[in-house]
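Report on the structure given below.
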Amino acid sequence: MNLPRLPFLPPYNFAGIEGKDSSLEKARFVVLPVPYEATTTYVPGTRRGPSAILEASRMMELYDEEIGKEISSFGIHTLPSLDTAAAGPEEMVGLVRDAVSWLVSMGKTVITLGGEHTITVGAVTAISPSCPELSVLHLDAHTDLRDTYQGSPFSHACCMRRVVESLPVTHVGIRSMSKEEAEFVEKSRSIIVYARDFLTGKKKIADVVAALTGKVYITIDMDVFDPSCVPAVGTPEPGGLGWYETNDILRAVAKEKEVVGFDVVELCPIPGDVSSDYLAARLIYKMIGYCSL
């Protein structure tokens with residue numbers, strides 16, 4: 001049955017895409033919202049991040065002036081939110097792993113929306129078996145390399161410790177860590193690109209690209225941005241990256257490497273201020289475009 005020609009709002013999916021470009025069968029990219037929040041330690045609210053991103057994305061222009069086309073034409077399907085009601089951190093990792101594994105088996109590039117950073121562990125463990133040379137690009141203000149935090153090895157503060165146990169990780173934008181994490185970095189295979197070194201030119205995009213393998217998973221904690229750009233995070237650390245620096249990194253990595261999946265996490269929406277939500281949505285849309293060039 002055809003709908004009458006009335007001024008309906010865009011569909012409630014990422015970018016408000018209609019028709020075949022949003023179907024699961026045709027889409028190259030699949031958005032998986034995971035509104036999980038259990039181990040947040042400062043400002044709560046990351047569980048509202050995925051829905052805020054989806055809402056903001058429906059207001060974007062589909063044409064991108066940098067890419068030179070409507071990025072939505074590459075095909076983007078949005079799944080319902082993963083149920084997180086009764087899951088503890090370790091169980092949540094397993095649920096995300098199962099969901100991402102299913103999508104990877106279909107040949108999809110999965111974009112996971114958090115929620116807290118714990119979900120990255122599930123996504124990476126789902127993708128790594130089919131990518132033996134996988135490395136991870138981690139954009140964040142914090143290293144997230146504690147072995148345990150508040151009694152859990154699957155706290156958001158431990159997510160990259162679980163990842164680096166099996167994969168090489170390059171951390172970019174770092175400007176806060178504990179003594180324990182600093183000592184671990186000295187003996188681990190983690191590569192740290194501090195925000196100060198990047199912003200002052202001591203470290204360059206070429207250094208980031210060179211540190212990665214041919215296939216890359218990207219995880220973006222929204223507090224990698226300076227709070228002047230993105231105030232809506234749980235722990236807003238001063239001195240972060242800006243919009244153009246971050247996009248330049250992502251474009252260079254996508255050009256030189258094969259990006260096999262990515263996530264955007266730790267958005268903590270502020271009621272009445274949608275600027276951070278909209279930036280997150282645009283960041284995801286840009287990244288889809290970069291991966292499709």
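The values are calculated or read from the model by the stated rules, or taken from the named source; none is laboratory data. Computed from a predicted model, the values in this text were never measured in an experiment. Please note: Cβ atoms are built from the backbone with ideal geometry, for glycine as well, and neighbour counts cover all protein chains shown. Accessible surface is based on the protein model in full, side chains and every heavy atom, while ligands, DNA and RNA are left aside. Shrake-Rupley method; radii C 1.70, N 1.55, O 1.52, S 1.80 Å.
Tell me which GluC sites (Glu not before Pro) from region 15-121 have a DSSP coil assignment and no more than 14 other beta carbons within 10 Å of their own.
Within region 15-121, the qualifying GluC sites (Glu not before Pro) (loop, at most 14 other Cβ atoms within 10 Å) are Glu18, Glu25, Glu61, Glu65, Glu66.
How far apart, in nm, are the 7 Å Cα→Cβ label points at Lys179 and Tyr42?
Label at Lys179, label at Tyr42, 2.1 nm between them.
To the nearest 0.05, how large is the calculated FRET efficiency for Leu62 and Ala252 if R₀ is 22 Å and r is the Cβ-Cβ distance?
So the FRET efficiency works out to roughly 0.35.
Can you pick out the pairs among Lys179/Lys202; Lys204/Lys286; Lys179/Lys286; Lys20/Lys69 whose Cα atoms lie more than 27 Å from each other?
Checking Cα-Cα distances, Lys179/Lys286 exceed 27 Å.
Ile67 accessible area, nearest 10 Å², 1.4 Å probe?
About 20 Å², ignoring ligands and nucleic acids.
Among rounded, prolate and oblate, which fits region 82-145 when a ≥ b ≥ c are the square roots of the eigenvalues of its C-alpha gyration tensor, a/c under 1.5 means rounded, and a/b larger than b/c means prolate?
The shape class here is oblate.
Taking 0.36 nm per residue of sequence separation and subtracting the Cα-Cα distance, how much length would be gained by fully extending the chain between Cys229 and Asp83, in nm to one decimal? Intermediate values should be presented prior to the final figure.
On the way: separation 146, 0.36 × 146 = 52.56 nm, distance 3.05 nm.
Full extension of this stretch gives 49.5 nm more.
Give me the number: length gained by fully extending Lys187 to Lys20, i.e. 0.36 nm times residue separation minus the C-alpha to C-alpha distance, one decimal in nm.
55.2 nm
If each residue of separation counts as 0.36 nm, what is the full-extension length gain between Trp102 and Arg196 once their alpha-carbon separation is subtracted?
29.9 nm
Given a 1.4 Å probe, how much area per residue of the chain is accessible, in Å²?
Ligands and nucleic acids excluded, the result is 43 Å² per residue.
Based on DSSP H runs of at least 4 residues, each adding -39500 (n - 2.57), what is the mean residue ellipticity at 222 nm of the chain after dividing by all its residues, to the nearest 500 deg cm²/dmol? Provide the component values of the computation, followed by the final result.
Details: 9 runs with 93 residues, N = 293.
Helix contribution divided over all residues of the chain: -9500 deg cm²/dmol.
Take the Cα gyration tensor of region 50-122, multiply each eigenvalue by 5, square-root it, and list the three semi-axes largest first, rounded to whole angstrom.
They are 27, 15, 10 Å, listed largest first.
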